[in-house]
Amino acid sequence: MPDKKLMLGNEAIARGAWEAGCGVVASYPGTPSTEITEAAASYGEMDVEWSVNEKVAMEIAAGASIGGARTLTCMKHVGLNVAADPLFTLAYTGVNAGLVVVVADDPGVHSSQNEQDSRFYARSAHLPMLIPADAQECLAFTKLAFELSERFDTPVMIGACTRIAHARSLVQTGGRVERDLPEWKRNPAKYVMLPGPARARHLALEDRERRVREEAGIGEWAYSIEDNGGAVGVICSGTAYHYVKEAMPEASVLKLNLVYPLPERAVARFASMVERLFVVEELEPFIEDAVRAMGVECSGKDRTGRQGELSVNRVRAAFADLPGVKRDAARADVTEPPARPPAMCAGCPHRAVFYTLAKRKLTVSGDIGCYTLGMLPPHGAMDACLCMGASIGMAAGLHKARGDDFARRTVAVIGDSTFMHSGMTALLDAVYNRSSLTLLILDNRITGMTGHQHNPASGFDIHGEPANAVDLEAVCRALGVTRVRSLDPFDLDALNSALSEETAFDGVSVIISRRPCALLDKKRRPPVAVEGCRKCGACMKLGCPALSKDKGGAVIVDPAQCVGCGLCARVCPFQAIHDAEAVKV
Amino acid sequence: MITNIIIVGVGGQGALLASRVLGALALRLGRDVKVSEIHGMAQRGGSVITHVRIGEGEPIYAPLVAEGEADAVLAFEPLEALRAAPYLVPEGGLIITNTRPIPPMSVLTGAARYPDDVIDKLNETAGGRVTAFDALELAERLGAPRAVNLALLGALAARPVRSDDSVPLSVWESAIADAVPPRTLAANLAVFREAYNQTK
């Protein structure tokens, strides 16, 4: 297969958009969707941006589509919650040029705060939703989604998940078909959703959904049937299709490319072909419930469960009683080794903050980012974390419930990108409603967790070109915060005195803790050296992966991991740890 | 025939590049391939696992290797090799592991112990088909401390996953050239060759 490329599902979605003549891509990063937009930025013909949040991205997509450009917007499942407001009404207005919304779910919660099932958005907003099963389908379905979007005058959703988005498989690529920008025509009755037009558009939406359902029931683009005889039939889509093919090789299979609206005629035909009908799907019984609602008997969730990712092993176990389902091979019986959850990197600026918050025994209202790891041992310095931007509102709520005294022992922590995503409005609210809270903005100059995307504070755009760098101090002041200060978190004395003073203040204050992500710091410093360790364990409270104890309890440094940040030298009460410069004799 | 390889390590060690080389190798051999990676939070020092499936003559469906069906485990860290042991085929599986331990946070804080017989346990699991060596020391010795991945791949090239499927060294080297940045190619190839010779 010399002419095929090995592509991530995410790269194939970007390629599909490019081939479809897509002109605009606007997204906010979120695992596992991030690489779609990164890959899109490498194609010069498309205008690609990191938006400030998913709602703004969706609105840019709406405007670009009304303006006549094929448009793509990509987000993770919880990002779609943020973008849901424009999305639901976009379903009413429909599109001018094709508009495709990619949402990537995270079953198994690899890098998220929940494992919600985004297919319900398709049903709830009445949008067609395609689910690809590999990278080739990612490309093909993206192109198909643009066609459907224009044919049926609707945004079209593409549902991915970790094992689609972050799986590589071979892809046959094609060329780009350029599209001319159509002439601008006003159409307020379609695009201005006052109650009158909205009522009319709701009827148009219902009519369109009926047409999609009818065509999907007979259209080969919407499903495929593999007839292996009539004993057992399985309906599935996406990743589940592959697990079923491998675990249940004798079953007949109805693979749904379109999961909403359900291709009902195809389902009815398939059901009549088989004696026992099952649905195998990740997360919620979305397809199963829809099939049951047609009056067709089926089951599946009672066997596979709703939590986590499916796998070949899990499908085999769930259907072990059926003929043709192979048993798992015997597995090595090893005692489970100590778990290794993620941890802050060596040199991470967040470590200084969470070490200090833990030491001061503060209540911490947390947010979404690498710093959520502050919840884990040895820091254990987080009491709540809900969603992007929630730290500030939750701190204000804690103050309302428990009063000023409690607020003097509470801080909210939020990253730079998360603050701009949806923290600014909550800070405005806190000032306006006379709350009392101390906010730490952990400004590491980048969107870290998702793999270093630029944002409005970093001073660069998605292409790494210089862009306006927002002044966070000025933003906070403009929102009404009178006490704003910034510091380097590695200056532990400054951090401690700022925390003492600002938590004592009854009102809203902001401490901007500014130090670049350690992974951005390309300067290689020599590792620190330990000399005359007194085994007090003070440095071990930092939870640095480069520090451990030898058999006698003395601290040793792993030179392969240490980046020489020197934070441990600062907390050692006996000056037994030296920056390399200091010991270089 | 499908060859299943599991690559495990600690986030940030370079497992993604190793899987990219294997992907390029499959392309060079004209075979079908699927690779499943984990990005995001799991890369921040947590356990990471990459699944590589290379096939010929039959379709590869799942992007994930089923437990009990990996022909080889390539491990950047011994504890992670042990964690991946249930993926290995019951007989004839191959384990290539770096011997340099990275203690997880629970061990650093004293909440858990790092087992001291990891290599013995691996030998039990793989019936002796274990190549364990200090890949970091080797890479550092050649002035390329980031090339632990190429050291492990060198050992994998030295011990074919299947006796009937030996890949010529020249094809390996072409695949490495396809996957690594040109400016680090010489250093990466040096590490690959040294590991190949040391473990052959």
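Values quoted throughout were computed directly from the atomic coordinates according to the rules given, and no laboratory measurement underlies them. Just so it is clear, the structure is predicted and the values come from calculations on it, not from any experiment. Cβ: placed from backbone, ideal geometry, glycine included. Neighbour counts: every protein chain shown.
Extension gain, A:Lys359 to A:Ile225, is 42.1 nm, computed as 0.36 nm per intervening residue step minus the present C-alpha separation.
Along its three principal directions, the equivalent ellipsoid of region A:529-583 from the Cα gyration tensor extends over semi-axes of 15, 13, 11 Å, largest first.
Taking Cα atoms only, the orientation of helix A:54-66 departs from the longest principal axis of chain A by about 40 degrees.
Ellipticity at 222 nm from helices only: DSSP H runs of n ≥ 4 in chain A, each -39500 (n - 2.57), divided by the residue count, give -10500 deg cm²/dmol.
Remark: mean inter-chain Cβ contacts per residue of B:107-114 equal 5, using a 10 Å Cβ-Cβ cutoff to other protein chain atoms. This model, with +1 at the C-beta of Lys and Arg and -1 at the C-beta of Asp and Glu, gives region A:349-514 a dipole about its Cα centre of some 500 debye. If the segment from A:Glu214 to A:Arg477 were pulled out straight at 0.36 nm per residue, it would be longer than the present Cα-Cα gap by 89.1 nm. For the pair region A:324-366 / region A:379-404, the C-alpha centres are spaced 22 Å from each other. Projected onto its three principal axes, the C-alpha set of region A:311-362 covers 61, 21, 20 Å, listed from the longest axis down. Binning the alpha carbon pair distances of region A:110-231 at 5 angstrom intervals from zero yields the distribution 2, 8, 13, 17, 17, 16, 14, 8, 3, 1, 1, 0, expressed in whole percent. Which value at 222 nm does chain B reach when only helices count, each DSSP H run of 4 or more adding -39,500 (n - 2.57), with the total divided by all residues and rounded to the nearest 500 deg cm²/dmol? -11000 deg cm²/dmol, from helical runs alone. The distance between label points at A:Glu336 and A:Asp3 comes to 5.0 nm (points 7 Å beyond Cα on the Cα→Cβ vector). With distances taken between every two different alpha-carbon atoms, region A:223-318 has a Kirkwood hydrodynamic radius of 13.0 Å.
Counted residue by residue at 0.36 nm each, then reduced by the alpha carbon distance between them, the extension gain from A:Ser299 to A:Asp488 reaches 62.3 nm. Sequence-ordered 3J(HN,Hα) estimates for region A:180-185 from the Karplus curve with 6.51, -1.76 and 1.60 and θ = phi - 60° stand at 7, 6, x, 4, 6, 10 Hz, glycine and proline given as x. If you bin all the Cα-Cα distances of region A:349-514 at 5 Å, starting from zero, the percentages per bin are 2, 10, 20, 24, 22, 14, 6, 2, 1, 0.
Which of the lysines could a cross-linker bridge to B:Lys34, judged by Cα under 21 Å and excluding same-chain residues fewer than eight apart? Reachable lysines: A:Lys4, A:Lys5, A:Lys245, A:Lys255.
Think of region A:5-218 as a dipole: +1 on every Lys or Arg Cβ, -1 on every Asp or Glu Cβ, centred on the Cα centre; then among A:His166, A:Cys74, A:Pro197, A:Pro197 lies furthest on the positive end. Computed from point charges on the beta carbon alone (+1 for Lys and Arg, -1 for Asp and Glu), the dipole magnitude for the protein assembly as shown about its Cα centre is near 1380 Debye. Could you state the number of Å between the C-alpha centres of region A:42-72 and region A:547-563? Here the two parts' Cα centres lie 49 Å apart. With one equal scatterer per alpha carbon and no solvent term, the Debye-computed log10 I(q)/I(0) for chain B at 0.18 1/Å reads -1.30. PRE reach from A:Thr425 (point 7 Å along Cα→Cβ): which of region A:376-396 fall under 17 Å by backbone N? The answer is A:386-396, whose backbone nitrogens lie closer than 17 Å to the label point. Within 10 Å of the Cβ of each residue in B:52-64, the mean number of Cβ atoms contributed by other protein chains is 5. Value of Rg to Rh for region A:423-541, rounded to two decimals, is 1.06; Kirkwood radius and Rg both from alpha-carbon coordinates.
Working value for region B:1-60: equivalent-ellipsoid semi-axes of 24, 11, 8 Å, each the square root of 5 times a Cα gyration tensor eigenvalue, largest first. Scattering from region A:289-419 was approximated by placing one identical point on each alpha carbon and applying the Debye formula without solvent; log10 I(q)/I(0) at 0.09, 0.14, 0.16 1/Å stands at -0.53, -0.79, -0.85. Taking a point 7 Å from the Cα of B:Ala177 along the Cα-to-Cβ direction, the residues of region B:24-63 with backbone N closer than 20 Å to it are B:24-31.
In this rough spin-label picture, where each label sits 7 Å from Cα along the Cβ direction, the A:Ala320-A:Lys400 distance is 5.1 nm.
The value for region A:139-211 of Rg(Cα) / (2.2 N^0.38 Å) is 1.52.
Residue order for A:Phe419, A:Phe88, fewest other beta carbons within 10 angstrom first, comes to A:Phe88, A:Phe419. As a calculated quantity, the FRET efficiency between A:Arg269 and A:Gln113 at R0 = 45 Å, using C-beta atoms, amounts to about 0.65. What the pair-distance distribution of chain A shows, using all Cα-Cα distances binned every 10 Å from zero, is 3, 15, 22, 23, 19, 12, 5, 1, 0 percent. Projecting the alpha carbon convex hull of region A:5-218 along each direction and taking the average yields 11.3 nm². The distance linking region A:468-535 with region A:298-316 is 47 Å (Cα centroid to Cα centroid, whole angstrom).
Inter-chain neighbour count for A:159-169: the average number of beta-carbon atoms from partner chains within 10 Å of each residue's beta-carbon is 5. Of the peptides A:50-57, A:476-483, the ranking by mean beta-carbon count within 10 Å, highest at the top, reads A:50-57, A:476-483.
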